[in-house]
Amino acid sequence: MTRMVNCIKLGKEAPGLERLTYPGDLGKRIFEEVSQEGWKAWVSHQTMLLNEYRLTPINPKDRKFLEEEMEKFFFGEGPSSVDNFKPE
């Protein structure tokens, strides 16, 4: 049976994540409050951030930036936009 969550990103009940996708307290909060569809939206946004800003997840500064963006994406004022980015 699929675990359902009241997705904070979608604003409705939807199938929840099958496992923790991020470590720590933020990861636990995401697991409890974000749906699979909401997480998929983050992965797409994160990919755009990685490419447009040429981030390297190994770099602690880049990881911190991505974590801050993730928190804003789900629980804050929403995703940051990238100047001149035009999705295909």
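Derivation of every value follows stated rules applied to the coordinates shown; laboratory data play no part. Bear in mind that the values here come from a model prediction, so they are computed numbers and not experimental data. As a convention, Cβ positions derive from the backbone with ideal geometry for all residues, glycine included, and neighbour counts pool all protein chains shown.
Taking amide hydrogens as placed 1.01 Å from N in the peptide plane, the amide H of residue 35 sits under 5 Å from those of 8, 9, 10, each at least 5 positions away in sequence or on another chain.
Note on the chain: with charges restricted to the Cβ of Lys and Arg (+1) and Asp and Glu (-1), its dipole about the Cα centre is near 180 debye. Give me D for the chain in µm² s⁻¹, whole number, from Stokes-Einstein with Rh from the Kirkwood sum over alpha-carbon pairs, 20 °C and 1.002 mPa s. Roughly 157 µm²/s, to the nearest whole number. Dividing the summed -39500 (n - 2.57) terms of all DSSP H runs of n ≥ 4 by the residue count of the chain sets its mean residue ellipticity at 222 nm at -16000 deg cm²/dmol. Database remark: amide H of residue 5 closer than 5 angstrom to the amide H of 14, 16 (H placed geometrically; neighbours at sequence offset of 5 or more, or on other chains; Pro and chain starts carry no H).
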